[in-house]
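Derivation of every value follows stated rules applied to the coordinates shown; laboratory data play no part. No experiment lies behind these values; they were computed from the predicted model shown. Here Cβ is always computed from backbone atoms with ideal geometry, including for glycine, and neighbour counts include all displayed protein chains.
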Amino acid sequence: MGSDSDWPTMEAAAEALAEFGVPFEVGVVSAHRTPQRMLDYAAGAAARGISVIIAGAGGAAHLPGMVASATPLPVIGVPVQLRTLDGLDSLLSIVQMPAGVPVATVSIGGARNAGLLAIRILGSADAGLRSRMEDFQKGLETMVLEKDQALRDK
Ligand code: RP5
């Protein structure tokens, strides 16, 4: 993430990965304040065994796109909502990438979905993880059906 101030938002991605038992690392890598560190991080991630990068930033949120430009790994961008502009600035800074440099952008503040998308990407080559994702999806369905039934029983 671009700042430790992003952590209250980004924590949900870490929680999702932890729920599925997927190992991850968390860190602050700023596109504007530590540009060389960001480039080194992105360029070295694949060689260190990283498979997917979730990059969250707010405001002029150039981190996900710049990381994507310096790694062949899939990058998921999380627009972090700051006090101004309702996070629209973050979203637009991340989502409108030039052709050739994709960032899979989730919703404003959508860090949990970023974690879940990373799990789906990893699950495409991991049958056990994919099976756990299918169980998770069945759990969502069960939850909705139970809520529906609870409303009908009122
Ligand atoms: C961005 O600037 C960070 O991702 C953060 O969302 C925002 C503000 O950072 P701080 O001033 O709170 O460190 O680069």
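Below, the figures for the structure above:
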item	result
Which numbered condition Val22 fails, given (1) within 13 Å of the ligand (Cβ to nearest atom); (2) surrounded by 13 or more Cβ atoms within 10 Å (Cβ to Cβ)	(1)
One residue from Arg48, Arg120, Arg112 being out of contact with any Gly (no Cβ under 8 Å at 6 or more places or on another chain), among the charged types (D, E, K, R) and assigned to a loop (DSSP other than H, G, I, E, B)	Arg48
Residue list for the stretch 71-89, restricted to those being within 14 Å of the ligand (Cβ to nearest atom) and closer than 19 Å to Ala13 by Cβ	Gly77, Val78, Pro79, Val80, Gln81, Leu82, Gly87
Matching residues, the stretch 60-95, being more than 18 Å from Ala114 (Cβ to Cβ) and part of a loop (DSSP other than H, G, I, E, B)	Ala60, Ala70, Pro72, Arg83, Thr84
Failed item in (1) under 19 Å from Met10 (Cβ atoms); (2) surrounded by 15 or more Cβ atoms within 10 Å (Cβ to Cβ), with Asp126 passing the rest	(1)
Top-ranked residue in the stretch 29-70 [being within 21 Å of Ala111 (Cα to Cα) and among the β-branched types (Val, Ile, Thr); ranked as nearest to the ligand (Cβ to nearest atom)]	Val29
Residue among Leu122, Leu145, Leu140, Leu117 that is under 24 Å from Val29 (Cβ atoms) and either without any contact (Cβ under 8 Å) to a residue 24 or more places away in the chain or within 10 Å of the chain's Cα centre (by Cα) (or both)	Leu117
